[in-house]
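Everything below concerns the one structure shown next.
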């Protein structure tokens, strides 16, 4: 038994099949992560700050240049010289623009004075 199909019906059927294949192919190329996952990922600063806070430090400080620029080699050397060696955790974050410091003691006034001469020092304890 032979079935007759018009040219128009054959064209529509072919178009539907091609469209189905195209949709299937696009669906297969998606990654396993949901589409909005990258957009919902918190910025590096928030992730790093949360990491320091999870360690239950008594004090958490965030240090940055007043102009918001990247901490250069001179800045890092100054920080190393003027911060107590007992400082427990230091994380350079936000594309090297901020340093998050976790300690189990208050910084001495002489350390804070030296740091405040060159940087913006914020106390993030309890935030």
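Does residue 97 satisfy the criteria of being surrounded by fewer than 18 Cβ atoms within 10 Å (Cβ to Cβ), touching a strand residue (DSSP E or B) at 6+ places or on another chain (Cβ under 9 Å) and over 21 Å from residue 55 (Cβ atoms)? So that I can check it myself, show each step before the final result.
Values: surrounded by fewer than 18 Cβ atoms within 10 Å (Cβ to Cβ): yes; touching a strand residue (DSSP E or B) at 6+ places or on another chain (Cβ under 9 Å): yes; over 21 Å from residue 55 (Cβ atoms): yes.
Here the answer is yes, as residue 97 does meet what is asked.
Might you check whether a residue that is exposed (fewer than 11 other Cβ atoms within 10 Å of the Cβ) and either at pLDDT below 95 or touching a helix residue (DSSP H, G or I) at 6+ places or on another chain (Cβ under 6 Å) (or both) occurs anywhere in the range 70-78? Within the range 70-78, none of the residues are exposed (fewer than 11 other Cβ atoms within 10 Å of the Cβ) and either at pLDDT below 95 or touching a helix residue (DSSP H, G or I) at 6+ places or on another chain (Cβ under 6 Å) (or both).
With the structure loaded, tell me whether residue 40 is surrounded by 11 or more Cβ atoms within 10 Å (Cβ to Cβ) and either at pLDDT 65 or above or under 19 Å from residue 96 (Cα atoms) (or both) or whether it fails that test.
Numbers: surrounded by 11 or more Cβ atoms within 10 Å (Cβ to Cβ): no; either at pLDDT 65 or above or under 19 Å from residue 96 (Cα atoms) (or both): yes.
It is false that residue 40 is surrounded by 11 or more Cβ atoms within 10 Å (Cβ to Cβ) and either at pLDDT 65 or above or under 19 Å from residue 96 (Cα atoms) (or both).
Residues in the range 108-125 that are surrounded by fewer than 18 Cβ atoms within 10 Å (Cβ to Cβ), part of a loop (DSSP other than H, G, I, E, B) and more than 21 Å from the chain's Cα centre (by Cα): 1 in all.
Tell me the residue from 20, 31 that is part of a helix (DSSP H, G or I) and at pLDDT below 85, please. Spell out how you get there, then give the answer.
Details: 31 fails: part of a helix (DSSP H, G or I).
Selected residue: 20, the only one of 20, 31 that is part of a helix (DSSP H, G or I) and at pLDDT below 85.
The values are calculated or read from the model by the stated rules, or taken from the named source; none is laboratory data. Treat the numbers as computed from the prediction; the structure is a model and nothing was measured. All Cβ positions, even for glycine, are placed from backbone atoms using ideal geometry, and neighbour counts span all protein chains on display.
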